[in-house]
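Remarks on the structure that follows.
The values are calculated or read from the model by the stated rules, or taken from the named source; none is laboratory data. Since this is a predicted model, take the numbers as computed values, not measurements. Cβ placement follows ideal geometry from the backbone for every residue including glycine, while neighbour counts extend to all protein chains displayed. Surface areas here come from the heavy atoms of the whole protein model, side chains and all, with no ligands, DNA or RNA. Shrake-Rupley method; radii C 1.70, N 1.55, O 1.52, S 1.80 Å.
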Amino acid sequence: RVAITAGMEEVLYYTTHLPTSQQIQLLSQVLAGVQGDTRQFCVEFAVECNIPIKEVAKNIYDNVLASYTPDLVSEGVNNISDQDSDLISALSWLLLLPSQRSTALIEANRLMRRFINARKHPPAAKVFSVLPGDTIDVVNKEWAEVYDVSLGDEETNAIREYLCLQAYLESHQAYNDWCSHAAKRPDPPPANKDGSLTFSERVAADEKQKSYEMSLHRWEQNLILQTQLTRDKMLNVLLFIDGGWLIDEAECSDQLRNEQLSSLRAQCIPATTFLLVNVLMESGQYSAVVELSEYIASEQYKLYDNFTKQELRQFLDSVYECSLMMNCDPLSFKEESSEVV
């Protein structure tokens with residue numbers, strides 16, 4: 001590592017004698033393969049030498065992004081491929097200087113949008129985990145020091161988008177945890193069919209039964225807690241504060257981004273709704289499903305705008321089924337629901 005660091009010093013110092021454009025191009029190639037703490041050293045040394053390291057870091061990331069060509073067929077959506085890892089690693093170059101944190105936030109959001117749109121949740125979650133927890137504070141602080149005014153529209157929207165994506169990823173993880181726990185229901189001990197047990201065997205069987213009942217009780221209690229957590233996380237997405245999930249606070253002139261946000265709302269809001277319906281129905285919370293229909297139909301949230309007619313019918317069929325389970329009047333509900341569709 002010492003040799004690598006010494007070599008990097010020479011390279012960085014050599015480029016100070018080159019025109020800026022050549023500096024950026026050369027260092028983008030040389031530093032692209034640098035990993036770990038050596039990156040931070042290179043950035044600090046570059047700052048001392050007045051090298052445009054922010055432009056170099058952005059160029060390194062842009063080059064990796066331009067060469068990113070995922071193959072979802074071979075890689076699948078539930079894995080983090082080598083290309084995904086390289087791209088996320090390149091994003092880390094933008095985190096080394098506080099003054100570049102807003103750029104890192106904007107690019108991280110862009111990556112998460114791309115991954116979630118492809119239903120690749122693991123790499124999206126990895127991108128989120130790469131961003132330091134103080135990112136919003138750093139962006140606010142750096143902006144205030146440079147401009148001495150409130151955040152610009154792009155930064156304001158980026159922070160809100162980051163919080164929206166955080167809520168979605170947390171809801172998705174909560175659902176996975178719920179599925180994992182629900183699948184681990186304890187198995188009852190084998191029953192003795194012929195009843196020919198000795199006294200000691202009956203005592204042992206009773207102990208196994210008691211142990212099973214205790215395990216089952218713990219499992220049921222934990223499932224209740226996980227169900228509530230999952231419900232809350234998913235409602236955080238559906239009922240996101242101040243306008244709705246992935247709705248910008250300030251007007252955005254980036255048409256491509258606007259289209260991506262709209263596409264994600266159309267993809268994720270119905271998907272989150274159906275996952276929540278599954279959790280509630282499996283947990284016997286039929287009244288909560290009916291209550292959810294009121295949120296979907298609400299003019300305050302306008303969630304129905306993100307559903308296709310087929311999705312709305314599918315959702316209303318579930319609500320209708322729950323009304324039957326609750327001994328409500330399913331015919332009147334069916335008539336009212338059909339008017340919505």
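The distance from the alpha carbon centre of segment 101-135 to that of segment 229-247 is 18 Å, rounded to a whole number.
Of the accessible area of segment 96-199, computed with a 1.4 Å probe over protein heavy atoms only, carbon and sulfur atoms account for 52 percent.
Length available on full extension from Lys184 to Asn79: 0.36 nm per residue minus the Cα-Cα distance, which gives 35.5 nm.
The helix-only estimate of mean residue ellipticity at 222 nm for the chain, built from DSSP H runs of length n ≥ 4 each weighted as -39500 (n - 2.57), is -23500 deg cm²/dmol after division by the residue total. Taking amide H atoms as placed 1.01 Å from N in the peptide plane, the amide H of Phe240 lies under 5 Å from those of Trp245, each 5 or more residues away in sequence or on another chain.
Treating the Cα atoms of the chain as identical point scatterers in vacuum, please give the log10 of the normalised Debye intensity I(q)/I(0) at q = 0.06, 0.09 Å⁻¹, two decimals. At q = 0.06, 0.09 Å⁻¹ the computed log10 ratios are -0.35, -0.67. Applying the Karplus relation 6.51 cos²θ - 1.76 cosθ + 1.60 with θ = phi - 60° to segment 268-279 yields 3J(HN,Hα) values of 8, 5, x, 4, 5, 4, 5, 5, 5, 4, 4, 4 Hz, where x marks Gly and Pro.
Would you mind counting up the charge near Ile60? Only other residues with Cβ under 13 Å from its Cβ, with Lys and Arg at +1 and Asp and Glu at -1. That sum, taken over residues with Cβ under 13 Å, equals -1. For Ser298, neighbours were defined as the other residues whose beta-carbon sits under 13 Å from its Cβ, and their charges (Lys and Arg +1, Asp and Glu -1) total -3. Within the straight-line cut-off of under 15 Å between alpha carbons, the aspartates and glutamates reachable from Lys141 are Glu155, sequence neighbours fewer than 8 places apart in one chain being disregarded. Residue-wise HN-Hα couplings along segment 303-309, as the Karplus relation 6.51 cos²θ - 1.76 cosθ + 1.60 with θ = phi - 60° gives them from phi, are 5, 4, 5, 8, 9, 6, 4 Hz; Gly and Pro carry x.
For the pair segment 140-165 and segment 305-329, the centres of their Cα atoms are 40 angstrom apart. Heavy atoms of the protein chains alone define the surface here; on that basis the chain has 55 Å² accessible area per residue at 1.4 Å probe size. Evaluating 6.51 cos²θ - 1.76 cosθ + 1.60 at θ = phi - 60° for every residue in segment 217-225, the Karplus couplings come out as 4, 4, 4, 5, 5, 5, 5, 4, 5 Hz, glycine and proline recorded as x. The equivalent ellipsoid of segment 149-274 has semi-axes of 52, 13, 9 Å, largest first, where each one is the square root of 5 times an eigenvalue of the Cα gyration tensor. Ordering 197-207, 221-231 by mean Cβ neighbour count within 10 Å, with the highest value first, yields 221-231, 197-207.
At the residue level, Met214 shows approximately 120 square angstrom of accessible surface with a 1.4 angstrom probe and all protein chains present.
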